[in-house]
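Below is one structure, written out as structure tokens; comments come after it.
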Amino acid sequence: RLSLNETVPWDADLLHSFEEHLDWAKLSENSTLPWSGELLEKFRAKWKWKKRKEGNQTRLEGIPGRKSRGSYGISSNQGIKWTPELLIKYEKQLDFWTLASKGMLDADCVRYLFSDLIECRNSHTYKAKSSDFEDDVYSVSLSGWHLLFGNPNASIDASLLDEICKMQFKATPGIGIR
């Protein structure tokens, strides 16, 4: 698809010229666009910001029990260098949980997202055969912190990690980072 093509010399003029012909959901995930605050704002109404469900959510390509991943849009784009100012400006459009797993986040962004990263969501479900009868179904829930620490695009140094641990224990007694 053209909108996912990483070799196209994308710029705001090209996007404007073909605005009605582009797949904005796919374009929103293209990390090679010249991402900036200006580009986000210019096409704000066109971008797909959060997860968009596609098709039957209970099956993926006919495999029972598998969920469709859908499209995660801007929130999962690894080419956008987020700043606290951009996070504040677009906080209603973004999915911070998804952003924690893939977003390019610096220490200031992590500080801004602190309270949003506590949220736990069902990450995935799997079945395990433990007998000749029904399969056991297990759900795995992860917090934004789990996702952030697995995100290669997040900048977390020792001083930020120390600060996070202090804030985490202070905000939620009895719950720590594993």
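The values are calculated or read from the model by the stated rules, or taken from the named source; none is laboratory data. The model shown is predicted, which means the values in this text are computed figures rather than measured ones. Here the Cβ is made from the backbone with ideal geometry for all residues, glycine too, and neighbour counts use every protein chain on show.
Numbers at a glance
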{"read-out": "Number of positions in region 43-94 that are under 27 Å from residue 111 (Cα atoms) and modelled with pLDDT of 85 or more", "value": "26"}
{"read-out": "Per-region count, region 82-119, residues among the basic types (Lys, Arg), surrounded by 15 or more Cβ atoms within 10 Å (Cβ to Cβ) and under 15 Å from the mean Cα position of the chain (by Cα)", "value": "1"}
{"read-out": "Positions within region 139-169 being acidic (Asp, Glu) and within 18 Å of residue 83 (Cα to Cα), in sequence order", "value": "157"}
{"read-out": "Count of residues meeting criterion [farther than 20 Å from residue 89 by Cα, of a type in the set (Asp, Glu) and exposed (fewer than 12 other Cβ atoms within 10 Å of the Cβ)] in region 1-41", "value": "4"}
{"read-out": "Members of region 120-167 that are surrounded by 10 or more Cβ atoms within 10 Å (Cβ to Cβ) and among the hydroxyl-bearing types (Ser, Thr, Tyr)", "value": "123, 125, 126, 138, 141, 143, 155"}
